[in-house]
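K.L.:
One structure, as structure tokens, below. Some questions next.
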Ligand SMILES: NC(=O)c1ccc[n+]([C@@H]2O[C@H](COP(=O)([O-])OP(=O)(O)OC[C@H]3O[C@@H](n4cnc5c(N)ncnc54)[C@H](O)[C@@H]3O)[C@@H](O)[C@H]2O)c1
């Protein structure tokens, strides 16, 4: 099999997971470039791969000898880098969120279509075995009509976490706080499990315990889906530890849920059971990043090679972002936001 020639753009914290994944996939990838504006980080990454060039300018890896780029930079950079890469006919797998604003997400989707390249957005937690099982059960109708959902995230991000970063905690670079960074995975999973469009959102948010930044560290929302399902969400990153994320989906014939990556099922006629993730992938860094990046990366490579549809493409990647932007609008304007809505890029909404 011809190896895909790739570049890693952004060699910060999460790049450790990519480094380990590329080592496991060495028969599939040739790591040609490691890119970071902090060149020492690019060099440290490049050292792990024979012939890999370290550079501080992502444009230098868009000149013809790369098939695909992985983007793991601050959020606000994702659209610019992705768009430029795609305009050079390079496939893009970007970290979540694909962008901060919906207009940029739309443009990325449009450019991928025009250039005929693949665009994927990392939501690795959708690749957890138990998650896939409960999603199939919902799709097969085993829960009956889906009527309710809730997600609960209470994690711990210190003031130092924000102080040590030159982009986290800012509206212009991170695009928000606990919702767009930490809770985005659970929001993505819940909307994917419900499998329908949002009708409207009401929400509130605050910054309660991170006075070093001005983004939200607590948010709650009521998300009404068009199929009638009511989704209640709560997220905060000012708890005392990273408690397991809790997700619950309620159907007329039973309930399913997740406690972090452990799935559980309670059906009227089938009792209660749990589904462990037996198929461990690759991890590095904090445990809450999980093991599944490598599975989504492999899936993306497969889609590129076989010219198949990317499972979490731009349109899929946009869905959780749209809910989050809807919450920011609803909470800031203190009113119900009916979908679809115009995503205002202004100082009020941020
Ligand atoms: N999927 C997950 O579970 C998960 C977990 C952590 C982070 N992430 C995502 O990964 C991305 C990076 O997060 P992180 O925690 O690694 O951040 P980080 O700050 O540790 O790393 C970002 C890196 O990008 C570099 N950078 C900035 N501008 C650049 C540019 N123009 N060109 C090249 N490099 C540039 C920075 O110097 C830094 O080294 C974010 O989108 C974040 O949300 C995802």
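The values are calculated or read from the model by the stated rules, or taken from the named source; none is laboratory data. Predicted model only: the values in this text are computed from it and were never measured. Don't worry about glycine lacking a Cβ; one is built from the backbone with ideal geometry, like all the others, and counts go over all protein chains shown.
K.L.:
Just to be sure, is residue 128 within 15 Å of the ligand (Cβ to nearest atom) and at pLDDT below 95?
P.N.:
yes
K.L.:
Another question, then. Within the stretch 253-266, is there a residue that is touching a helix residue (DSSP H, G or I) at 6+ places or on another chain (Cβ under 6 Å), under 25 Å from residue 230 (Cβ atoms) and assigned to a strand (DSSP E or B)?
P.N.:
For the stretch 253-266, residues touching a helix residue (DSSP H, G or I) at 6+ places or on another chain (Cβ under 6 Å), under 25 Å from residue 230 (Cβ atoms) and assigned to a strand (DSSP E or B): present.
K.L.:
When the residues of the stretch 99-121 are filtered to those that are touching a helix residue (DSSP H, G or I) at 6+ places or on another chain (Cβ under 6 Å) and assigned to a loop (DSSP other than H, G, I, E, B), which remaining residue is farthest from residue 318 (Cα to Cα)?
P.N.:
117
K.L.:
For residue 208, indicate whether it is in contact (Cβ under 8 Å) with a residue 24 or more places away in the chain and under 15 Å from residue 322 (Cα atoms).
P.N.:
no
K.L.:
For the stretch 176-209, what are the residues that are within 11 Å of the ligand (Cβ to nearest atom) and under 21 Å from residue 145 (Cα atoms)?
P.N.:
The one that is within 11 Å of the ligand (Cβ to nearest atom) and under 21 Å from residue 145 (Cα atoms): 188.
K.L.:
So which strands (runs of 3 or more DSSP E) are wholly in the stretch 1-73 and hold at least 1 residues that are at pLDDT 95 or above, over 25 Å from the mean Cα position of the chain (by Cα) and within 13 Å of the ligand (Cβ to nearest atom)?
P.N.:
It comes to 53-55.
K.L.:
Taking the conditions exactly as written (within 23 Å of residue 180 (Cα to Cα), within 16 Å of the ligand (Cβ to nearest atom) and surrounded by fewer than 21 Cβ atoms within 10 Å (Cβ to Cβ)), does residue 287 satisfy them or not?
P.N.:
yes
K.L.:
Just to be sure before I move on: is residue 96 within 15 Å of the ligand (Cβ to nearest atom) and either part of a loop (DSSP other than H, G, I, E, B) or surrounded by fewer than 23 Cβ atoms within 10 Å (Cβ to Cβ) (or both) in the structure I sent?
P.N.:
It is true that residue 96 is within 15 Å of the ligand (Cβ to nearest atom) and either part of a loop (DSSP other than H, G, I, E, B) or surrounded by fewer than 23 Cβ atoms within 10 Å (Cβ to Cβ) (or both).
K.L.:
Still on this structure, please answer the following. Determine the pairs where a residue that is more than 17 Å from residue 42 (Cα to Cα), located within the stretch 66-80, has a partner that is within 10 Å of the ligand (Cβ to nearest atom) and assigned to a strand (DSSP E or B) with Cβ atoms under 7 Å apart, the partner being 6 or more residues away or on another chain.
P.N.:
From residues that are more than 17 Å from residue 42 (Cα to Cα), the pairs are 78/71; 78/94.
K.L.:
Of all residues in the stretch 296-350, count the ones that are within 17 Å of residue 102 (Cα to Cα) and not in a helix (DSSP H, G or I).
P.N.:
So the answer is 16.
K.L.:
Sticking with this structure for a sec: Has the stretch 239-248 got any residue that is surrounded by fewer than 20 Cβ atoms within 10 Å (Cβ to Cβ), at pLDDT below 95 and over 22 Å from residue 138 (Cβ atoms)?
P.N.:
Scanning the stretch 239-248, I find no residue that is surrounded by fewer than 20 Cβ atoms within 10 Å (Cβ to Cβ), at pLDDT below 95 and over 22 Å from residue 138 (Cβ atoms), so the answer is no.
K.L.:
Tell me, please, whether a residue that is part of a helix (DSSP H, G or I), within 19 Å of residue 300 (Cα to Cα), away from the ligand (no atom under 16 Å from the Cβ) and under 20 Å from the mean Cα position of the chain (by Cα) can be found in the stretch 131-149.
P.N.:
Among the residues of the stretch 131-149, at least one is part of a helix (DSSP H, G or I), within 19 Å of residue 300 (Cα to Cα), away from the ligand (no atom under 16 Å from the Cβ) and under 20 Å from the mean Cα position of the chain (by Cα), which makes the answer yes.
K.L.:
Mind listing whichever residues of the stretch 267-299 are more than 16 Å from residue 130 (Cβ to Cβ), modelled with pLDDT under 80 and touching a helix residue (DSSP H, G or I) at 6+ places or on another chain (Cβ under 8 Å)?
P.N.:
Answer for the stretch 267-299, where residues must be more than 16 Å from residue 130 (Cβ to Cβ), modelled with pLDDT under 80 and touching a helix residue (DSSP H, G or I) at 6+ places or on another chain (Cβ under 8 Å): 282, 283, 284, 285, 289.
K.L.:
Further question on the same structure: Could you count how many residues in the stretch 199-222 are outside any loop (DSSP other than H, G, I, E, B), touching a helix residue (DSSP H, G or I) at 6+ places or on another chain (Cβ under 6 Å) and crowded, with 20+ Cβ neighbours inside 10 Å?
P.N.:
5
K.L.:
In the stretch 156-175, which residue that is buried (at least 18 other Cβ atoms within 10 Å of the Cβ) and within 11 Å of the ligand (Cβ to nearest atom) is farthest from residue 75 (Cα to Cα)?
P.N.:
Ranking the qualifying residues of the stretch 156-175, first place goes to 168.
K.L.:
In the stretch 300-344, how many residues are in contact with a helix residue (DSSP H, G or I) (Cβ under 7 Å, 6 or more places away or on another chain), surrounded by 13 or more Cβ atoms within 10 Å (Cβ to Cβ) and more than 19 Å from residue 204 (Cα to Cα)?
P.N.:
7
K.L.:
On to the next question. How many residues are within 30 Å of residue 169 (Cα to Cα) and touching a strand residue (DSSP E or B) at 6+ places or on another chain (Cβ under 6 Å) when one looks only at the stretch 132-157?
P.N.:
6
K.L.:
Go through (1) more than 23 Å from residue 350 (Cα to Cα); (2) surrounded by fewer than 18 Cβ atoms within 10 Å (Cβ to Cβ); (3) near the ligand (Cβ under 10 Å from one of its atoms) for residue 123 and report which single condition fails.
P.N.:
Residue 123 satisfies all of (1) more than 23 Å from residue 350 (Cα to Cα); (2) surrounded by fewer than 18 Cβ atoms within 10 Å (Cβ to Cβ); (3) near the ligand (Cβ under 10 Å from one of its atoms) except (2).
K.L.:
Tally up the residues in the stretch 123-148 that are without any contact (Cβ under 8 Å) to a residue 40 or more places away in the chain and at positive phi, please.
P.N.:
Number satisfying all stated conditions: 1.
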